[in-house]
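S.K.: So that we are looking at the same thing, I have put the structure below in structure tokens.
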Amino acid sequence: MPPIVVTGRDDRVTQRQKQHAEEKFRKLEKYFAGILKIEATLSHGSTHGAGEAEVELLVSVRGGKPIICRSRSKELYAAVDMVLDKAESQLTRYKEKLKARKATSQRPTSGALPAGAAPDSGENEAYQDIVEKRDFS
């Protein structure tokens, strides 16, 4: 389980809100097993306008750049849910990208020559000799 650090920027963020956010962010590990650390900053107050709450989430992943998500809402709980949705989709996209990259790098290369190409080295000639002389009966 990756460490989760939830901090509040101002004193209006309660301990209960921090615990709620931490519980929600624990769900992210089911989307990608390579999460190294989750850091969240919660703020609520007049710095963002008329009592808006803001949540900023930074997810450090193995083998890549950190995933950063931000969300604002009138309520802190709603902002946490919105940033969680954003992080889920970004982690899913990152995981699919890694799968695609892995699949293309593990694709076997065939030793056969393209149609109409002449063998240019002894290695290709040996391959052609083996293919032509092999008897499968």
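S.K.: Using amide H atoms built in the peptide plane, which far-off residues or other-chain residues are under 5 Å from V61 H to H?
M.R.: Excluding prolines and chain starts, which carry no amide H, the hits are L36, I67.
S.K.: Test of the criteria: in the range 16-83, which trypsin sites (Lys or Arg not before Pro) are in a DSSP loop and have at most 16 other Cβ atoms within 10 angstrom of their Cβ? Intermediate values should be presented prior to the final figure.
M.R.: On the way: sites: R16, K18, K24, R26, K27, K30, K37, R62, R70, R72, K74; in loops: R62, K74.
For trypsin sites (Lys or Arg not before Pro) across the range 16-83 that sit outside H, G, I, E and B with at most 16 neighbouring Cβ atoms in 10 Å, the list reads R62, K74.
S.K.: If each residue's Cβ is checked for other Cβ atoms within 10 Å, how do T92, T41 rank with the fewest at the top? Can you show the working numbers first?
M.R.: Numbers: T92 12, T41 17.
Ranked by crowding around the Cβ, least crowded first: T92, T41.
S.K.: Right, here's the next one. Of K18/K86; K18/K99; K74/K95, which ones are farther than 29 Å apart at the Cα? Don't jump to the answer; show the numbers that get you there.
M.R.: Working: K18/K86 19 Å; K18/K99 34 Å; K74/K95 32 Å.
Exceeds cut-off: K18/K99; K74/K95.
S.K.: Grab the other residues whose beta carbon is less than 13 angstrom from that of V80, score K and R as +1, D and E as -1, and report the net.
M.R.: Values: positive: R16, K18, K24, R26, K27, R70, R72, K74, K86; negative: E22, E23, E54, E56, E75, D81, D85, E88.
Around V80, the surrounding residues sum to +1.
S.K.: Amide H to amide H, which residues 5 or more places from A53 or on other chains are under 5 Å from it, using H placed in the peptide plane?
M.R.: S73, K74, E75
S.K.: Let me ask something else about it. At q = 0.13, 0.18 Å⁻¹, what log₁₀ I(q)/I(0) does the range 4-105 have when each alpha carbon counts as one equal point scatterer in the Debye sum?
M.R.: -0.46, -0.79
No value in this document is a laboratory result; all are computed from the given coordinates. Since this is a predicted model, take the numbers as computed values, not measurements. Counting neighbours? That spans all protein chains shown, and the Cβs are built from the backbone with ideal geometry, glycine included.
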